[in-house]
Structures are given as C-alpha cells and as structure tokens.
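The values are calculated or read from the model by the stated rules, or taken from the named source; none is laboratory data. Keep in mind that what you see is a predicted model, and the values were worked out from it rather than measured. We work out accessible area using only protein heavy atoms, side chains counted, and drop any ligands, DNA or RNA first. Shrake-Rupley method; radii C 1.70, N 1.55, O 1.52, S 1.80 Å.
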Amino acid sequence: MRAATAPALAFLLVVLVVLPGCASPPARPFTPADLPAETSAGQASPGGTPGAGDDASRPGGGPRTETVRVAPGLRLVVEWPAAPDADTAAMIGAFRDYFAGTLRAVASGGDDTAYRRLVEGEASRHAYSWVQEFLDEGRSLRGTMRLYALNVSAVVGAGAQLDMCVDQARLSLLDSATGREITWGDKGEPFLQAAGMRRYDGGVWKIKALRHAVLPSERAKGCIR
C-alpha cells in the first residue's frame, strides 16, 4: 500500500506481479465498476470477520459498504463487489485486514503489529517502511479512507492480482504529540492500488507485492468518480 503519507506518492504500477513458478498472461485493462449489491445491510462481509465493521447498502443500489473502525476517529470503508466468489472474497478480506492493520499500527504508535502476518517478502518490507515513516516523523492519522472498485485483474496458478481504488480525501494528517492537524500538501486524487497475492493451503491469501498508479496514469483515471 502506498497511501496516506506526507512524502511523494509515486512509483510505477506493475500490471501483474509474477509469483515463483508462474508465467505472466497478457494484461487486462482496468475498468472499475460499482456493481449492484446483492446482500442485505448489517450482514458480515464475505470472507470477513464478524464484528469487524458496520455494513450498509446505498439507497437505490450500489456496492455494499463495510466500515471498519480502526481506532478512535479513524475508519476504513470498503465497498464490496456484489456476490464475489470464495477466493475473491478471501483476497478482499485479507487486504482489508492488512490495510486496517497498517492504519492501526500508525494510530497505536507502532504498538499494534498484527498486519505483519498478512504480508511477506517485498510487501513485508514495504509495509514496515510505510508505517515506520509515520512513526519517525511523529505523525498520525484521523478521518476516513475508502477502498472501492475492487477487482481481480489477473490469476496465474496460485497467484493473483487484486486491484482497487483508494480515496484518502477525508483523511487528515496529525502531529502525534499534540493531535493538531498538519497541512498535507500531496494527499492528491484517488489512486489505483495493486496487490500481488498468493494462495496457501486452507484458502489463506497473503500479500507478496504492492504497487500503485497515480494520475495522470491511464490506469489511475479509472478511479475518478
């Protein structure tokens, strides 16, 4: 994940993270769409943990929304696609837990490290660096971050790429010592996040690599609503 950080937000998106023993197929274009919800409000999300958040469907249709209360004043909102299959639901659930975990690590001043069990290899190093950057600079977060247009864009053997859009417009950067809001000059527009993932025995998915694309990238333009 390369969201919400005061330093610059940019490195090139790798369309497909190729996992060991796998060959890369032709890339498919990223065309996010908000699908109509087929589950009722208040139901736990597919692949998720009961009690992880509050679910609700938008009036008149739209993706089912799950709200994860990360810490006081800090929330992660996930717009689930309609009726995902078991693997897609498990991938989304794993990334939701990872994303919420990194936010929780920042909010706890580094005390909560549960997110590390969901990452390995390059993604583990990237996640640790992302959290540590906030801690080293004495920064924290408040507000709401939103994940939407979640889409499995490629599957190769036991590996897959999960794409999603990230909106951090309602997230604020804080001084950890005083709780005062700090000007955040490079928060930017919504961006495309890609996670290279691998499936293990028992249907457990872990994140192996993380990339993102920001505007004016053509792939990031699909995140503009």
Using only the Cα atoms of segment 97-189, what do you get for the radius of gyration and for Dmax, in Å? 14.8, 49
Hey, can you grab everything whose amide H is under 5 Å from the amide H of Trp205? Only 5+ residues off in sequence or another chain; H modelled, so Pro and N-termini drop out. Tyr200
If amide hydrogens are placed 1.01 Å from N in the peptide plane, which non-local residues have theirs closer than 5 Å to the one on Ser176? Arg139, Ser140
Could you compute how much accessible surface Leu103 exposes when probed at 1.4 Å, giving the result in Å² to the nearest 10? 0
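Equivalent-ellipsoid semi-axes (√(5λ), Cα gyration tensor) for segment 64-223, whole Å, largest first? Before the final figure, lay out the partial values.
Numbers: eigenvalues 132, 64, 43 Å².
Value: 26, 18, 15 Å, ordered largest first.
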Expressed in nm to one decimal, what extension gain is obtained for the pair Glu133 and Ser108 from 0.36 nm per residue of sequence separation less their Cα-Cα distance? 7.6 nm
